[in-house]
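A short write-up of the structure that comes next.
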There are 2 protein chains.
Amino acid sequence: MQEIVTKTRTFRRFVEKELLSTATLQELIDLARLGGSARNGQPWQYMIVNGHDLCARIFPYLGWAGYLSDWHGPVAGERPSAYILCLLNKNRLKGPESEAQFDLGIATQNLLLGAMERKIGGCRIGAFNPKLASLFKLADHQHLSLVIALGKPNETVILEQGKDEEDIRYWRDEHGVHHVPKRSLESCLVDVELLVPYS
Amino acid sequence: MQEIVTKTRTFRRFVEKELLSTATLQELIDLARLGGSARNGQPWQYMIVNGHDLCARIFPYLGWAGYLSDWHGPVAGERPSAYILCLLNKNRLKGPESEAQFDLGIATQNLLLGAMERKIGGCRIGAFNPKLASLFKLADHQHLSLVIALGKPNETVILEQGKDEEDIRYWRDEHGVHHVPKRSLESCLVDVELLVPYS
């Protein structure tokens, strides 16, 4: 897992002409479906959007890379080849929505690991214009929560250990390489210190 | 990924005497650390709890398998060999807590996939007595959100397609086999229906 987990980064620039078939996207959604779910509720549904015309309809609603203030998203030719829209089916919700968000983390990680195995990269986009949902016929209980952009990656993403532990903003160098500072393992570990001694 | 994703189920009964080393648990936390994070905030920290005495201190605070009302958790000998406590470091939070929950879904899925690769199973436990946190010396900005129980699985878990799409309660048969009804791929897909036609 170490290798595929490390390779599965967020990609925002793609080889747009490399199309993704509906069959491939369904395989990825099947991996999402197989993730664990709080109270086994499995509240998520997925809408596949591929094909140039449909993708072009969706693109203007998306926000990209908040820390790259000079960059307004991928240019034509580098845009995603497909999207998967993640819809919360509130009729299937068995607990609080925070549990559903947790479940969607699990599900989309399965999906993106399976994508990377197929040399497909993706970007989870929570920052979209909410009017995007109004393009589609959705039931009242279906709430658009996340857009996953997908395509063949056309950029290099490098994990690095941040020099300053607290500056975790990703950045792009003069060659267009995307750098992502990761907190060290050490800074993610907390030692056990019992407050209540053994009796 | 299909095989490991399918095998990575929730396990609640373990071979308790099969211990898990701190080094192995750190490897799993490293996989969690490498998951993507909203705004790259990486707000999660992890406390490793292993060894019989410490595990015995934690066990009484845990809730198990809400749908199995006659079962009150694993008996001695089948209890987890280790725990990883997931602590939200609020100083590292860059957005709303729902994003952190999403991130923890990603992180723990990496962790549990890596565990299963090592034949270790786990259970995410959100239903714990909040007094558990008061056993430990934690900073004010560290909030205990999730307990992951880990060990060598000592039960069989079977995925099946539920007969009734809406009854998703897992159940245990007379042989102690744990059955998990999964919604079908078909019921997780939503067709594209544009409300706003092409202009």
Worksheet item: Just checking, which of B:GLU174, B:GLU160, B:GLU165 is acidic (Asp, Glu) and either surrounded by 15 or more Cβ atoms within 10 Å (Cβ to Cβ) or at the interface with another protein chain (Cβ under 10 Å from one of its Cβ atoms) (or both)?
Response: B:GLU165
Discussion item. Here's a check for you: in segment A:99-138, which residue that is open to solvent by 40 Å² or more (accessible area, probe 1.4 Å) and of a type in the set (A, V, I, L, M) is farthest from the other protein chains (Cβ to nearest Cβ)?
Written reply: A:ALA127
Discussion item. What pairs come out if I take residues in segment B:167-190 that are part of a loop (DSSP other than H, G, I, E, B) and pair them with residues that are modelled with pLDDT of 95 or more and of a type in the set (S, T, N, Q) whose C-beta lies under 6 Å away, six or more apart or interchain?
Written reply: B:ILE168/A:ASN40; B:TYR170/A:ASN40; B:VAL177/B:THR156; B:ARG183/A:GLN42; B:VAL190/A:GLN45
Worksheet item: Among the residues of segment A:144-187 satisfying the criterion of being within 19 Å of the chain's Cα centre (by Cα) and small (Gly, Ala, Ser), which is farthest from B:ASN89 (Cα to Cα)?
Response: A:GLY151
Response to the item:
B:ARG79 vs (1) in contact with a helix residue (DSSP H, G or I) (Cβ under 8 Å, 6 or more places away or on another chain); (2) within 12 Å of chain A (Cβ to nearest Cβ); (3) open to solvent by 50 Å² or more (accessible area, probe 1.4 Å); (4) touching a residue at least 60 places away in the same chain (Cβ under 8 Å): all pass except (2)
Response to the item:
The condition of being under 29 Å from A:ALA32 (Cβ atoms), surrounded by fewer than 16 Cβ atoms within 10 Å (Cβ to Cβ) and of a type outside the set (Val, Ile, Thr) holds, among B:TYR67, B:TYR46, only for B:TYR67
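Here's the yes/no breakdown for (1) within 29 Å of B:ASP167 (Cα to Cα); (2) within 12 Å of chain B (Cβ to nearest Cβ); (3) at pLDDT 95 or above; (4) out of contact with any Cys (no Cβ under 9 Å at 6 or more places or on another chain):
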site: A:ILE4; (1), (2), (3), (4): no, yes, yes, yes
site: A:ARG13; (1), (2), (3), (4): no, no, yes, yes
site: A:LEU25; (1), (2), (3), (4): yes, yes, yes, yes
site: A:LEU31; (1), (2), (3), (4): yes, yes, yes, yes
site: A:GLN42; (1), (2), (3), (4): yes, yes, yes, no
site: A:TYR46; (1), (2), (3), (4): yes, yes, yes, no
site: A:TYR83; (1), (2), (3), (4): no, yes, yes, no
site: A:LEU87; (1), (2), (3), (4): yes, yes, yes, yes
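The values are calculated or read from the model by the stated rules, or taken from the named source; none is laboratory data. Model, not experiment: these values are computed from the prediction. Virtual Cβ from ideal backbone geometry, glycine too; neighbours counted across all protein chains shown. Just so you know, the surface numbers come from the protein's heavy atoms only, side chains and all, with ligands and any DNA or RNA stripped out. Shrake-Rupley method; radii C 1.70, N 1.55, O 1.52, S 1.80 Å.
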